[in-house]
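The block underneath contains the structure these notes are about, expressed in structure tokens.
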Amino acid sequence: MIEYYKNNYSFLIFILLWWVSATINSTVGLVVPILTLFLLQRKQMYSEIFIGFFFLLVLSDSNEATKLTKQTYLAVMFLFLFIDKNYFRLSNNIIGVFLPFVYISILCVFFSTEFQSSLEKTISYTLILYVIPTYAINIYEEQKELFLYNIIAFVSTLLVLGIIMYYVNPAFVTSVGRYKGLLFRNPNGMGVFTVIFFFFVLFANDIHPTLFSSKQRYYLYAVGFFTLILASSRNSLTAVAILFLFKGLYRISYFVGFLMLVFIAVIFPYFLDLLQDLAFSFNLQEYFRLETLETASGRYFAWQFAWENIKLSPWLGNGFGYVDVLFNNNFNYLNKSGHFGNVHNSYLTFWLEVGLLGLLAFIIPLLLLFLRGSKKYGVSMPMFYALLFSINFESWLTGSLNPYTTPLLAIIAILNYSLIEKEEDTVLVH
């Protein structure tokens, strides 16, 4: 990783300037990154532009002043696609399968009680679906494994800095006694971010086995697992366990992996009981917060509330942003159950906002893309299973400008593009 810092020190200084500027005020926090963005574009440093956007999404999780910055940054990234057509020669390889989802989302805007907000969120999600995969495959075409290496090195740096800060100034990186990382608002967000980090590491190792040495892989695994342990995010710990379990099983047989998926789905309630017994045996009931396990920290009540509202309009939803309006309007009622936040379930959030048709128009293409990737890469379906679990307890996949959806779309785009490359190489050999 030292080599990464030597080769990218000027870019890292820019990132530090963005961070500092965001703490001053929203105007400075907007001007500095956008000016830097144009400087990077003049030198065709699109990898740095992509990682910079990724950083702004992370920063925005705990800094509301960066909201306009990330929106403007995305719009300028979109503009660059037309300014520099010589660089962006490859067209988006996954947007086509998501077009039905986009059309349904636009239709649902007209059922929204907050038309302008819903329209803005719909445009934002559409832009992410178009811009991020386009950047990812073109940068990957130019840099190959170096692009993945730089992303992983950058993210691991953020994780390590957070761990260091935990021992230097714990209050700065904790919330309600739990580790939330350097730039995140809550521990669950830190957990999901670490799941995405593991996706990148295992994915990069699968398509470029020599990218990291054994020592480097163990180092990255250690950073990721230690972060998860500090955050004590049960959902993310389980998602990563699923990722590694099925990665191992898929090495044996895809059929064995599928059987295990069915088996886990059947025994999951019994697994929760076993987890409680083990936690009590090792005196870890406080770490796993067993007092909230049976209600999933109030999520079950929120899910039931969401389902009652879904039944009012099951096929088409009320547009992006509807969940925020619904849960804010019923805050006192939900608060009595001990629930805070929104649905904490991407499936139900999609269902409420774009209806069952929109939910299926998103999940089915997602499944097909991962299935296609599994033809050549064993980590593809394990990532999908871990993803399915993660979004069952958090609504992050329904948001466009968060630190999770963007890297996921980049992985999916590169996964499918590298598959095409492999098929073409096979044809040339024959």
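The values are calculated or read from the model by the stated rules, or taken from the named source; none is laboratory data. The structure presented is a predicted model; accordingly, all values stated were derived computationally and were not measured. Quick reminder, even Gly has a Cβ in these numbers, built from the backbone with ideal geometry, and neighbours come from all protein chains shown.
Among residues of segment 360-382 that are touching a residue at least 60 places away in the same chain (Cβ under 8 Å) and closer than 18 Å to Val102 by Cβ, none has a beta-carbon under 8 Å from a residue that is surrounded by fewer than 18 Cβ atoms within 10 Å (Cβ to Cβ) and hydroxyl-bearing (Ser, Thr, Tyr) at least six positions away or on a different chain. I'd like to know if segment 321-333 contains one or more residues that are of a type outside the set (A, V, I, L, M, F, W, C), at pLDDT 95 or above, under 20 Å from the mean Cα position of the chain (by Cα) and assigned to a helix (DSSP H, G or I). No, because not a single residue in segment 321-333 is of a type outside the set (A, V, I, L, M, F, W, C), at pLDDT 95 or above, under 20 Å from the mean Cα position of the chain (by Cα) and assigned to a helix (DSSP H, G or I).
Criterion applied to Leu146, Leu158, Leu119 was being under 20 Å from the mean Cα position of the chain (by Cα), of a type outside the set (D, E, K, R) and modelled with pLDDT of 95 or more, and the one residue passing it is Leu158. Restricting attention to segment 69-92, does a residue exist that is over 17 Å from Leu12 (Cα atoms) and touching a Lys or Arg at 6+ places or on another chain (Cβ under 7 Å)? No, segment 69-92 has no match at all. In segment 121-155, of all residues being of a type in the set (Ser, Thr, Tyr) and within 28 Å of Pro209 (Cα to Cα), the one that is surrounded by the most Cβ atoms within 10 Å (Cβ to Cβ) corresponds to Tyr135.
Scanning segment 211-235 for residues that are of a type in the set (Ser, Thr, Tyr), surrounded by 15 or more Cβ atoms within 10 Å (Cβ to Cβ) and modelled with pLDDT of 95 or more yields Tyr219, Tyr221, Thr227.
Filtering segment 7-47 to residues that are assigned to a helix (DSSP H, G or I) and among the polar types (S, T, N, Q) leaves Asn7, Ser10, Ser21, Thr23, Ser26, Thr27, Thr36, Gln41, Ser47. Selection within segment 66-77: residues that are under 30 Å from Leu356 (Cα atoms) and surrounded by fewer than 20 Cβ atoms within 10 Å (Cβ to Cβ). The member of this set that is farthest from the chain's Cα centre (by Cα) is Ala75.
Test Leu243 against the stated conditions and say whether it is at pLDDT 95 or above, in contact with a Pro (Cβ under 8 Å, 6 or more places away or on another chain), within 23 Å of Phe384 (Cα to Cα) and hydrophobic (A, V, I, L, M, F, W, C). Judged against the criteria, Leu243 is a match.
Among the candidates Trp307, Trp351, the residue that is in contact (Cβ under 8 Å) with a residue 12 or more places away in the chain and surrounded by fewer than 19 Cβ atoms within 10 Å (Cβ to Cβ) is uniquely Trp307.
When restricted to residues that are more than 30 Å from Val201 (Cα to Cα) and either of a type in the set (Gly, Ala, Ser) or touching an Asp or Glu at 6+ places or on another chain (Cβ under 8 Å) (or both), segment 1-36 contains 3.
Contact annotation: residue pairs with Cβ atoms under 9 Å, 6 or more positions apart or on different chains, pairing a residue in segment 393-419 that is free of Cβ contacts under 8 Å to residues at least 60 places away in the same chain and in a helix (DSSP H, G or I) with a partner that is surrounded by fewer than 21 Cβ atoms within 10 Å (Cβ to Cβ) and among the basic types (Lys, Arg), are Leu419/Arg372; Leu419/Lys375; Leu419/Lys376. For segment 193-210, taking the residues that are in a loop (DSSP other than H, G, I, E, B) and touching an Asp or Glu at 6+ places or on another chain (Cβ under 9 Å), the one that is surrounded by the most Cβ atoms within 10 Å (Cβ to Cβ) is identified as His208.
Every residue, every condition in (1) farther than 30 Å from Asn318 by Cβ; (2) touching a helix residue (DSSP H, G or I) at 6+ places or on another chain (Cβ under 6 Å), yes or no:
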residue	(1), (2)
Ser60	no, yes
Thr66	no, yes
Thr69	no, yes
Tyr87	yes, no
Val102	no, yes
Thr113	no, no
Ser117	no, no
Asn138	yes, no
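Within segment 250-259, is even one residue among the aliphatic types (A, V, I, L, M) and assigned to a loop (DSSP other than H, G, I, E, B)? No, there is no match, as no residue in segment 250-259 is among the aliphatic types (A, V, I, L, M) and assigned to a loop (DSSP other than H, G, I, E, B).
Exactly one residue out of Leu57, Leu81 is touching a residue at least 60 places away in the same chain (Cβ under 8 Å), buried (at least 16 other Cβ atoms within 10 Å of the Cβ) and under 24 Å from the mean Cα position of the chain (by Cα), and it is Leu57.
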